[in-house]
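The values are calculated or read from the model by the stated rules, or taken from the named source; none is laboratory data. What you see is a predicted model, and the numbers here were worked out from it, not measured in a lab. Using ideal geometry, Cβ is built from the backbone for each residue, glycine included, and neighbour counts are taken over all protein chains shown.
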């Protein structure tokens, strides 16, 4: 079995060790196998998929549909027809909001989300609620980010039509009880939409086991190129939804007055598709499967434990979320007394340490925890213990740089 550090040789950007990259919750790095897969596609099969009867186009079609099958297998979908390629999680969630939400949520209905949601799983539902006269209900977590059973059973009611929830919080790193919430939501007749952007790169996902109706993911957070994502939807729901975008390829027949749409999944994929990056996503999935989620999770827990133990020795640091490193999914969000997170990140950048600072596209959560912004360090399997130690050493000197003395 390969050690996590053995995989670093595949990441050109990490080879020099010049920078410590702890912003993996925002986007991951890409191994050479993914970059080579994309380059090979353009070098050998650069043609529009689904449109040509010549060799290159048919090869492009095969590559594109192979990527779709890889995604379906990766998350346990029943069929490739349930996998829609999009640009990212944000586009996937907007597709559901526009094509399902606007048609199925009506005045007086309720949509339930959590206050922890990334804006991508909040703004589309705000839009649906405002347009259709529905009410948006927020689930609130405890101080460790946990949504209790009492919280969701009291707020998911017979009026609830949609429950939209992040599988893993991009601030707390907590894994939400999606399966239990989905079971309860379905008992009330609601449809469950899951933002899987932060879970798919870090843990095995089975959409049937979760019991969700829709599941969205982004390739760029799981070693794939930017600009490719996927939406899983139950076939019976997708069949009855209108297309989000209209134009080339998603049609079956067009007259001057009307059009009929292609079968799933193509009716949701208008225009020339992003076949090259879909190929990259398949290569990323194969790479993750080669590493193994057991290895990924073990390395993340090891690094998060070391990181949180080090932060606990700094009395001017406050860490948000659980005290248990196993419940952070590699994400550690914190503040430093007297130092704005943006200043903190800037000082660390001078030491070539990359972390995220700000509201993390989760402003309502920042308001809920009483912080205008926070700093976030997020690790992945290719990060090392030595990097964590260097990070802690450089972090311990930030206040001195800011004029607080030794």
Residues that are farther than 18 Å from residue 23 by Cβ and either touching a helix residue (DSSP H, G or I) at 6+ places or on another chain (Cβ under 7 Å) or assigned by TED's automatic domain parsing to the domain that holds residue 122 (or both), drawn from the range 364-378: 372
Residues satisfying the stated conditions in the range 98-112, i.e. within 22 Å of the chain's Cα centre (by Cα) and surrounded by fewer than 24 Cβ atoms within 10 Å (Cβ to Cβ): 98, 99
Test: residue in the range 383-392 that is within 20 Å of residue 173 (Cβ to Cβ), modelled with pLDDT of 95 or more, in a loop (DSSP other than H, G, I, E, B) and assigned by TED's automatic domain parsing to the domain that holds residue 321: yes
Boolean, residue 356 is in contact with a strand residue (DSSP E or B) (Cβ under 8 Å, 6 or more places away or on another chain) and surrounded by 16 or more Cβ atoms within 10 Å (Cβ to Cβ): yes
Hits in the range 75-106 (condition: touching a strand residue (DSSP E or B) at 6+ places or on another chain (Cβ under 9 Å), part of a helix (DSSP H, G or I) and within 21 Å of residue 287 (Cα to Cα)): 75, 89
Qualifying strands (runs of 3 or more DSSP E) (wholly inside the range 172-289; at least 2 residues being crowded, with 21+ Cβ neighbours inside 10 Å and either over 15 Å from the mean Cα position of the chain (by Cα) or without any contact (Cβ under 8 Å) to a residue 12 or more places away in the chain (or both)): 191-195
Residue among 16, 28 that is under 30 Å from residue 375 (Cα atoms), not assigned by TED's automatic domain parsing to the domain that holds residue 328 and not in a helix (DSSP H, G or I): 28
Selection count, the range 36-58, where residues are crowded, with 17+ Cβ neighbours inside 10 Å and assigned to a helix (DSSP H, G or I): 4
Tally of residues being at positive phi and at pLDDT 95 or above across the range 196-251: 3
Selection within the range 359-382 - crowded, with 22+ Cβ neighbours inside 10 Å and either at negative phi or at pLDDT below 95 (or both): 362, 365, 374, 375, 376, 377, 378, 379, 380, 381, 382
Residue match in the range 323-331 (condition: surrounded by fewer than 17 Cβ atoms within 10 Å (Cβ to Cβ), touching a strand residue (DSSP E or B) at 6+ places or on another chain (Cβ under 8 Å) and assigned to a helix (DSSP H, G or I)): no
